[in-house]
Structures are given as structure tokens and as C-alpha cells.
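**Q** First the structure, then my questions, so here it is.
Computed from the coordinates by the stated procedures, all read-outs in this text should not be read as laboratory data. All figures in this text were calculated on a predicted structure; none of them were measured in a lab. For neighbour counting, all protein chains shown are included, and Cβ atoms are generated from backbone atoms with ideal geometry for every residue, glycine included.
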């Protein structure tokens, strides 16, 4: 199993919008993809905004490639989400889940 990590710093006044987007758009779409296992969303307030760490778990790198369009490390960030962010990862990080 592979854990995919992506981090974004949302504008403070858009943090609730981003969380809503995750709940109503992103996560339901992921649940329909082959190889998707689950997701965790972590957040913490920072001086500049609200930082989110989204960790999705997948059956394999091949499953992630199906989601990301083939380039496994490229972050999938819709334009609407990018507008909510101060900064965000352009590349996702992947870790093998050992336990």
C-alpha cells in the first residue's frame, strides 16, 4: 500500500471552503477510483493561514497513476482549489505503508 502526501496552505478566510470542496468533490470522486483505499485530512492554523496535509492511501503506484494522469508525483490541484491557497505542493510525496 502507498500513502500519498500533499500539503497546501489555505488563505484563512478560504479554509472552510477548501474543506467543503474536499468533502463534496474530491473525496467522493476518489472513492470511485480503482485502487483508492482511504484518506485522512489534517489541519493546523498558522500565522498566514490554515495548513492542510492530505494523505490518501492507494493499493499501488499504478492506481495513483490512474488518478494523476500517469505522472505519479504531479499534484492534482483544480484551479478552484489553487485560488484558495497561498501556496501548495506542486508534487506529491509517496511512502510505502509498512504497518
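**Q** So, in the stretch 51-86, of the ones that are touching a helix residue (DSSP H, G or I) at 6+ places or on another chain (Cβ under 6 Å) and in a loop (DSSP other than H, G, I, E, B), which residue ends up farthest from residue 26 (Cα to Cα)?
**A** 72
**Q** Taking the stretch 26-38, which residues are surrounded by fewer than 16 Cβ atoms within 10 Å (Cβ to Cβ) and either touching a strand residue (DSSP E or B) at 6+ places or on another chain (Cβ under 7 Å) or touching a residue at least 12 places away in the same chain (Cβ under 8 Å) (or both)?
**A** Correct list: 33, 34, 37, 38.
**Q** Given 76, 97, 81, which one is touching a residue at least 40 places away in the same chain (Cβ under 8 Å) and out of contact with any strand residue (DSSP E or B) (no Cβ under 6 Å at 6 or more places or on another chain)?
**A** Answer to the selection: 81.
**Q** Counting only residues that are under 13 Å from the mean Cα position of the chain (by Cα), part of a loop (DSSP other than H, G, I, E, B) and under 18 Å from residue 39 (Cβ atoms), how many does the stretch 87-99 have?
**A** Looking only at that region, the number is 2.
**Q** So, one more: Test of understanding: among 10, 63, 71, 59, which residue is more than 14 Å from the chain's Cα centre (by Cα) and surrounded by 14 or more Cβ atoms within 10 Å (Cβ to Cβ)?
**A** 63
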